[in-house]
Amino acid sequence: MIEKLFTVLFGDGRNMITETAGVFIENTEAGAQRDAALKHAVMAQFAAEFGAAQRGLFDRVIDALNRLPRPALALGTLGLFISAMVNPIWFAARMQGIALVPEPLWWLMGAIVSFYFGARHQAKGQEFQRSIAQTVARAPVVTQNLRALEALQAGAVLHEPSANNPALDDWRGGA
C-alpha cells in the first residue's frame, strides 16, 4: 500500500512534485540555458551584421579612396593660403572665377560634402559598434580570468605565513 502511494506521488521514475512545481515556478537551470542560447544568438547576429569577412582588393581600394577627400580638402585650403602669399595676382584671378559660381551650385556642393561626411560618419559608427560587439563577446572570458586570478590571490593569502607565528619565527631565527 505504501509502495502504491509513493508510485502515485512520485510516478514511475519521475518526480511528480518537481513536475507540478515546474508548472508554477520557472526551472532556473532551463532559464539559464535559454538565456545562454539567446546571448549566443544575439552574438551570432552581431557577427553576421558586422561580420569580419575577408575584404577583397576592390573594398580596400574604395576604402583608400574614401580616405582622400578630407586630407585633400585640408591640404588644398593650405595650398590656397600659400598661393595667395606667393602669387597674389594669380590667386585673385582664381577667386574672381569662384565669385561667378551661382548660389544654387554652392548649395549643391554643400549637400554633396555633407552627405559624404555623413556617410563616412555612419561607416565609422558601424565600425565602432562592431568593435563594441567584439569587446562584449570577450567579456565572459575576461570575467572568468579575473575570477581565476582572484582565486589564485586568495589562495596565496591563505598560504602566507602569519606574522604572529612563534614556531615560524623560531625556525627563521635558527636558520
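The values are calculated or read from the model by the stated rules, or taken from the named source; none is laboratory data. Note that the structure is a prediction, hence the values are computed from the model and not measured. Cβ sites come from the backbone with ideal geometry, for glycine too, and all protein chains shown count toward neighbours.
Quick notes
- From R147, R120, residue being surrounded by 11 or more Cβ atoms within 10 Å (Cβ to Cβ) and not aromatic (F, W, Y): R120
- Being farther than 22 Å from A64 by Cα and part of a helix (DSSP H, G or I) holds for only one residue in A119, A111, and it is A111.
- In summary, N164 fulfils each of the numbered conditions (1) surrounded by fewer than 10 Cβ atoms within 10 Å (Cβ to Cβ); (2) assigned to a helix (DSSP H, G or I) with the single exception of condition (2).
- A residue that is in contact (Cβ under 8 Å) with a residue 40 or more places away in the chain, part of a helix (DSSP H, G or I) and touching a Phe, Trp or Tyr at 6+ places or on another chain (Cβ under 9 Å) occurs nowhere in region 45-56.
Results for (1) aromatic (F, W, Y); (2) without any contact (Cβ under 8 Å) to a residue 60 or more places away in the chain, shown as yes or no for each residue.
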| position | (1), (2) |
| --- | --- |
| E103 | no, yes |
| L108 | no, yes |
| V113 | no, yes |
| Y116 | yes, yes |
| R130 | no, no |
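- A53 modelled with pLDDT under 90 and either surrounded by 10 or more Cβ atoms within 10 Å (Cβ to Cβ) or not basic (K, R) (or both): yes
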